[in-house]
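Working notes, structure below.
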Amino acid sequence: MKLATLNNGTRDGKLVVVSSDLTRYTDASFLAPTLQAALDDWARVAPHLSALAESLEHGSVPAERFHEHDALSPLPRAYQWADGSAYVNHVELVRKARGAEMPESFWTDPLMYQGGSDSFLAPRAPIQMADEAWGIDFEGEVAVIVDDVPMGASLDEAREAIRLIMLVNDVSLRGLIPAELGKGFGFFQSKPSSAFSPVAVTPDELGDTWDGGKLHLPLVVDYNGEPFGRAEAGVDMTFDFPTLVAHAAKTRPLCAGSIVGSGTVSNKLEGGPGKPVSEGGVGYSCIAEIRMIETIDTGAAKTPFMRFGDTVRIEMKDEAGHSIFGAIEQAVEKYEGR
């Protein structure tokens, strides 16, 4: 089934069930007022949501037209947002571009940071920033929402806890990252609010493209209306989602509604860095990556980070070419204050 949160003027929105083709929705708030409420009582509520989704497909319940612009992120705020870096190719390029060797442990021990989860952007909301010099970048990712996960969970327990899958734009301010990391205390100002896809889907909705740990489809990223990234989400993913979830739960339990991200989807090409889509490659899921490759190849980056007025669209389509999660589509705007 596919679930979304519509903007009804409240902080957490209203839970709805969306048709498989993303054209219609039916109100599900009588079962659970919000997605978080559904996740808190998933064992009881999920069968009723599934039955409602089947009724929606058969046209036997009241339905209205689904407009992605009316959707908030599926969880407009969450108890936890932990973002990994499962595509080690991305990390390797970052370090290589600044002349740093990558520790061997990065191939066996996932990187992960705890992001701000109190104010996610809607999937069509603008990215408002005060200064272009902060190095505004998008990062196309996949994420999962989990049920309660016990501390010290096994990989099987982590896999079984995955309830929903969605896409992410993990907005990053590249110009602020070096100074923050230099303090030795991690990201904060350099990681503003992220945005998630209009719809979150249950694993069964993905068929054979979901193998229990990875999603085997290209992540479609368009930048200013041009193809920018077509990286395969199931390729070069060093750490699958059960591994990331178990890593996050090593020393603490995760509560229902916690979100775990994959990090920037990134592919190698014949053992080396990828090529732009315009040159026959699969491109990139963030601007930083093409800048890294430019630096490695020519000694300097030439592609600028996002400027006011620039747009990014992040989407994933099934094998028939139909959108699965709806699209994250955002423009960068100057923040003028409250």
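The values are calculated or read from the model by the stated rules, or taken from the named source; none is laboratory data. These figures come from a predicted structure and were not determined experimentally. Counting neighbours? That spans all protein chains shown, and the Cβs are built from the backbone with ideal geometry, glycine included. With ligands, DNA and RNA removed, areas are computed over all heavy atoms of the protein, side chains included. Shrake-Rupley method; radii C 1.70, N 1.55, O 1.52, S 1.80 Å.
The single residue among L75, L3 that is within 24 Å of the chain's Cα centre (by Cα), assigned to a loop (DSSP other than H, G, I, E, B), within 22 Å of P203 (Cα to Cα) and in contact (Cβ under 8 Å) with a residue 60 or more places away in the chain turns out to be L75. Name every residue in segment 284-303 that is among the hydroxyl-bearing types (S, T, Y) and more than 21 Å from G140 (Cβ to Cβ), in order of residue number. T298 - this is the single residue of segment 284-303 that is among the hydroxyl-bearing types (S, T, Y) and more than 21 Å from G140 (Cβ to Cβ).
Taking segment 110-135 as the range and being over 17 Å from G309 (Cα atoms), touching a helix residue (DSSP H, G or I) at 6+ places or on another chain (Cβ under 6 Å) and among the charged types (D, E, K, R) as the test, no residue passes. Candidates E132, E139, E160: the one that is within 25 Å of W210 (Cβ to Cβ) and open to solvent by 40 Å² or more (accessible area, probe 1.4 Å) is E160. Within the bounds of segment 94-101, is there any residue that is part of a loop (DSSP other than H, G, I, E, B), open to solvent by less than 60 Å² (accessible area, probe 1.4 Å) and either acidic (D, E) or out of contact with any strand residue (DSSP E or B) (no Cβ under 8 Å at 6 or more places or on another chain) (or both)? For segment 94-101, residues part of a loop (DSSP other than H, G, I, E, B), open to solvent by less than 60 Å² (accessible area, probe 1.4 Å) and either acidic (D, E) or out of contact with any strand residue (DSSP E or B) (no Cβ under 8 Å at 6 or more places or on another chain) (or both): present. If we scan segment 10-20, do we find a residue that is open to solvent by less than 20 Å² (accessible area, probe 1.4 Å), at positive phi and in contact with a Leu (Cβ under 7 Å, 6 or more places away or on another chain)? Yes: segment 10-20 contains one or more residues that are open to solvent by less than 20 Å² (accessible area, probe 1.4 Å), at positive phi and in contact with a Leu (Cβ under 7 Å, 6 or more places away or on another chain). Mind checking which residues of segment 219-233 are touching a strand residue (DSSP E or B) at 6+ places or on another chain (Cβ under 8 Å) and either open to solvent by less than 10 Å² (accessible area, probe 1.4 Å) or acidic (D, E) (or both)? Those that are touching a strand residue (DSSP E or B) at 6+ places or on another chain (Cβ under 8 Å) and either open to solvent by less than 10 Å² (accessible area, probe 1.4 Å) or acidic (D, E) (or both): L219, V221, D222, G229, A231, E232, A233.
Across segment 24-62, which residue is most open to solvent (accessible area, probe 1.4 Å) among those that are in contact (Cβ under 8 Å) with a residue 24 or more places away in the chain and part of a loop (DSSP other than H, G, I, E, B)? Going through the qualifying residues, I end up with P62. A86 satisfies every condition listed in (1) modelled with pLDDT of 95 or more; (2) closer than 18 Å to G263 by Cα; (3) surrounded by 22 or more Cβ atoms within 10 Å (Cβ to Cβ) except (1). All of (1) out of contact with any Leu (no Cβ under 9 Å at 6 or more places or on another chain); (2) surrounded by 22 or more Cβ atoms within 10 Å (Cβ to Cβ); (3) not in a strand (DSSP E or B) hold for V312 with one exception: (3). Among the residues of segment 278-294, those that are out of contact with any Ser or Thr (no Cβ under 9 Å at 6 or more places or on another chain) and open to solvent by 40 Å² or more (accessible area, probe 1.4 Å) comprise S278, E279, G280, V282. Would you confirm, using the coordinates I've provided, whether Y79 is in contact with a Cys (Cβ under 9 Å, 6 or more places away or on another chain) and among the aromatic types (F, W, Y)? Yes, satisfied.
How many residues are assigned to a loop (DSSP other than H, G, I, E, B) and either touching a residue at least 40 places away in the same chain (Cβ under 8 Å) or within 20 Å of L219 (Cβ to Cβ) (or both) when one looks only at segment 125-162?
13
Inside segment 243-273, residues that are in contact (Cβ under 8 Å) with a residue 60 or more places away in the chain and closer than 24 Å to T303 by Cα make up a count of 7.
All conditions in (1) touching a Pro at 6+ places or on another chain (Cβ under 9 Å); (2) closer than 26 Å to L35 by Cβ; (3) open to solvent by less than 10 Å² (accessible area, probe 1.4 Å) hold for G212, with the sole exception of (3).
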